[in-house]
């Protein structure tokens, strides 16, 4: 299941929306919560609660989306997804415009879906060279490839000579495509 940064404020806002929906459509409470969750990019209401718990565990209780430093957050997310890949823990995380994922085979990637950019963080169990430059005002990622999802497969063109141009099966391509929708 993919991770979506979910603050206390968002959870309360979703609950209020579900309450209004329940009143106007005479839906059961659970159905209204699920409907609101799906409308906001989650799989179901339980997905909202899981993402909220994960947000609290990473950033502390009462976190506000605007208080998260994007520079340190990217570094934390890279470290998190690399750790998952090292353990063979398949994860998919979307934060703002960036998508991070790890596979059971030990691969890890960072993607910028808006521009179809890809950066391999870990390939076949080995950490790859990558560069994320930061300043107080912004961060820059030195992308080394482009990606696409084709017929359920992950297609990548990478400047990394170990990867090159290839189609990779077994990646969470459907989940990545769902996150992009």
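Worth a mention:
- Restricting attention to the range 54-72 and to residues that are in contact with a strand residue (DSSP E or B) (Cβ under 7 Å, 6 or more places away or on another chain) and surrounded by 15 or more Cβ atoms within 10 Å (Cβ to Cβ), the residue that is modelled with the highest pLDDT turns out to be 54.
- Hits in the range 40-53 (condition: under 16 Å from residue 178 (Cα atoms) and without any contact (Cβ under 8 Å) to a residue 12 or more places away in the chain): 44
- Some residue of the range 44-53 being modelled with pLDDT under 85 and outside any helix (DSSP H, G or I): no
Residue-by-condition table, conditions (1) outside any loop (DSSP other than H, G, I, E, B); (2) within 24 Å of residue 6 (Cα to Cα); (3) within 18 Å of the chain's Cα centre (by Cα):
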| site | (1), (2), (3) |
| --- | --- |
| 82 | yes, yes, yes |
| 105 | no, no, no |
| 109 | yes, yes, yes |
| 148 | yes, no, yes |
| 167 | yes, no, no |
| 176 | yes, yes, yes |
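The values are calculated or read from the model by the stated rules, or taken from the named source; none is laboratory data. Since the structure is predicted, the reported quantities are computational estimates derived from the model, not experimental observations. In this analysis, Cβ positions are derived from the backbone assuming ideal geometry, glycine residues included, and neighbour counts consider all displayed protein chains.
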